[in-house]
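Okay, structure first, notes after.
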Amino acid sequence: MVAFLVDDKKVVSVGFNDYVKTHPATPQIEDYIIPTHSECKCIARYLVKHRPIKNTMTLYVAGMTAGRNDNLCCSSKPCESCAKFIKSVGIPRVVYFEKTDENSFKILEEIA
């Protein structure tokens, strides 16, 4: 998965899923590593530079997979935890893919 934070048609931050590193505050379950999701990494990279979230920003989330068919997209709706984080920092708009059937996707948009 990849996430792009865009402000006025300019990409201001990018984040990818990380299956090796986790944030130190992320609770771990026994030996299972909880990955850092692309949405949170993208937003955190932007915020760490003490930049304000603007009401003109959009977060785009997309997933790619090596599937069995020719369709390489996968559903990219933010999980419940990421959705709470996105809303808490004030991202006004999120665009993602959602699977509608075996070979079809639609682009969905949420406005917080």
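The values are calculated or read from the model by the stated rules, or taken from the named source; none is laboratory data. Predicted model only: the values in this text are computed from it and were never measured. Every residue, glycine as well, gets a Cβ built from its backbone with ideal geometry; the counts of neighbours run over all protein chains shown.
Starting from residues that are of a type in the set (A, V, I, L, M) and within 17 Å of residue 106 (Cα to Cα), keep the ones in the range 60-91 and report whichever is modelled with the lowest pLDDT.
So the residue we want is 72.
Output the residues belonging to the range 25-50 that are under 16 Å from residue 3 (Cβ atoms) and at pLDDT 85 or above.
Answer for the range 25-50, where residues must be under 16 Å from residue 3 (Cβ atoms) and at pLDDT 85 or above: 37, 38, 39, 40, 41, 42, 43, 44, 45, 46, 47, 48.
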